[in-house]
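Bear in mind these aren't lab numbers, they're just calculated from the coordinates by the rules spelled out. Since the model is a prediction, treat every value here as computed from it, not as a measurement. Glycine also receives a Cβ, built like all others from the backbone with ideal geometry; neighbour counts cover every protein chain displayed.
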Amino acid sequence: MNKAVFHSNLITPSDLPGILRYVRLFRRQTFFIGIDEALIQTDIFSTILKEIEVLDSLNIRICLFFYQFKQGEFFLINLKQLLALSSLQDSLDIDELTLSDSGASYIDLAEKIKQSFDKQSVCLIRPKDSSINFESHSAFKELCQTTQIHKLIFLSNNQCPIINEEPLTNISASELKDNLLKESADQLPDWFLNYSQLAIEAIDLKIERVHFLNCNIHNALLNELFDKVGIGTMIHSNKYEIIREANINDVQALHNLTKNAVKRDALLNRSLDTIQEKIDDYCVYEIDGSIVACTCIHYFKEDRSVEIGSVFVQPYYNGRGIGRKLVNDACEKAYKKGYLSAFVLTVDASKFFQSKCGFTEAEFHELPEERQLKYKENKRNSFVLKKELV
């Protein structure tokens, strides 16, 4: 794994409000956590148990299972063939629930899970015999009909997929199914193609989020759950990551977001009043309800062109394609409104706009006359870049 892809796992005081937000959110939610057989007899396993202990202490309802993946199929496996159950019981208060291959009553099983949660115990689901193919056995399908599952988490040693040089940290199930698996399958590892099919089925069964984690990364489980970005791949059903039009309630957040870039002369200074006056021109990028990036679109009706400005992404979220998504979304919006071209004026981001967003160098006289006047007033010697909208 390219270490530069992910941020540091060190927690700073400024991280605590976000962490506490997730603590409150996750309390009394139900997490089904599957542990790959390959991890059980490694040093990583003890760390995983400690992380699960932390989740249990936060009053998160946990249902554990152990699995193996071979020849494109998932199998629920019997823990006792691999290690003594006491190894788990030393760390956690475990209620062991046995799944029969003969078609047990899942309503009864769901009731036993509920009873375990009421006792604040961790559930461990295992097959009665050595293993069960839990896709053909429909174990999760039946359980989902009787138990609300907020997260389904697979712990393994598989590395996060890289798409177009960016880590695939999250994607909606619909986008995964309708676009990524069709258009970028050749960039995806074989393991992900199989896991993703299971994830899509899980989302269809009303599980909110499915996570795939590489546990070779220290404290992978905690970092994934209590960080907006995370370190694995999350497939989700709800609006975890969205681009939306800004509103009056976003003015202060936009001002705070961009003020550091203004100090570096990367963006023009815009006061709170200016942002409020132009708020209808702004779009924001949200991750789990927090604004992490923005852009501003100014329309020149007579020239049928738009200026895309104030493109800014919090440095913490750089390298994830957020800026590119914002610019492309702005171009699409302008094209749908009948505009034929887009341009940007930039001091130090010309490489980004050309390599990532398809802009090319343009001449000063190609700008709308109104913008030429403002360009002279600003005296920033910006590069002029242009893109035809199609």
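As an exercise, use a Förster radius of 35 Å and the Cβ-Cβ distance of LEU373 and SER184 to find the FRET efficiency, rounded to the nearest 0.05. Here the calculated transfer efficiency is 0.20.
For the residue pairs LYS351/LYS386; LYS70/LYS206; LYS356/LYS386; LYS177/LYS337, the alpha carbons lie more than 18 Å apart in LYS70/LYS206; LYS177/LYS337. The amide H of ILE62, built 1.01 Å from its N in the peptide plane, has PHE31, CYS123 as neighbours under 5 Å, considering only residues 5 or more places off or on other chains. Placing unit charges on the Cβ atoms of the charged side chains and taking the dipole of the chain about its Cα centre, the candidate lying farthest along the positive direction among LEU49, VAL313, LEU99 is VAL313.
Filter the cross-link list LYS278/LYS336; LYS228/LYS278; LYS114/LYS141 down to pairs whose alpha-carbon distance in this structure exceeds 26 Å.
Numbers: LYS278/LYS336 21 Å; LYS228/LYS278 29 Å; LYS114/LYS141 17 Å.
Exceeds cut-off: LYS228/LYS278.
Each listed q (0.16 Å⁻¹) maps to a log10 I(q)/I(0) for the stretch 334-385 from the Debye sum over equal C-alpha point scatterers, namely -0.50. Evaluated with a Cβ-only charge set (Lys, Arg +1; Asp, Glu -1), the chain carries a dipole of roughly 860 debye about its Cα centre, given to the nearest 20. Given their separation in residues at 0.36 nm each and the Cα-Cα distance between them, LYS141 and GLU388 gain 84.1 nm when the chain is fully extended.
Taking the chain as a whole, the Cys residues whose C-beta sits 4.7 Å or farther from every other Cys C-beta are CYS144, CYS160, CYS215, CYS283, CYS294, CYS296, CYS331, CYS357.
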